[in-house]
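A short worksheet on the structure shown next.
Values in this text are rule-based calculations from the coordinates and carry no lab data. Note that the structure is a prediction, hence the values are computed from the model and not measured. Neighbour counts run over all protein chains shown; Cβ positions are idealised from the backbone, glycine included.
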Amino acid sequence: MERTRDARTGDPAARARMREQHTWVDLQVRRAMERGDFDDLPGAGKPLGDLGADHDPDWWLKQLIEREKVTGVLPPALQLRKDDAELDALLDGLASERDVRREIEDFNARVMRARYTPVDGPPLVTQPRDVDAEVARWRERRSTRHTGHQAPETADQPRRRRWFRR
């Protein structure tokens, strides 16, 4: 009786190997586990993240942006809004008035550049900041921070009661 031969190789054993490949793979995994190759992998014993969440076709892109800390992909108007909201915190981290002025002037230059370029995205609503007024506000915040005193409560501001002291 003639055995069926593999058309590609002419080998009757090739077909049998393909039928039994899953057992070979299982054997290799079992041997690796016995050797300890899967011990101490990152994330071992931790739950898988994002299970049960809705499927997002751009999940890989969002994880890449988060992992690589990619910035500067916002339209100029939105990036300036974000920078405007974070500017006071950035200024508070600076040590000298010269650095504060330079940072505010850089911010104002970016606002003016965005005003005179064609609109790409949402409209620009961010206004340039007055350098001298911002420096004065920076000095005031800095002196308050260094003295450690809060501004005293005025009579026209009612004192709020905390929810846990009711």
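Distance between the pseudo-spin-label points of H22 and R113 (7 Å out from Cα toward the beta carbon): 6.0 nm.
Extending 7 Å from Cα along the Cβ direction at K62 and again at L94 yields two label points whose distance is 3.5 nm.
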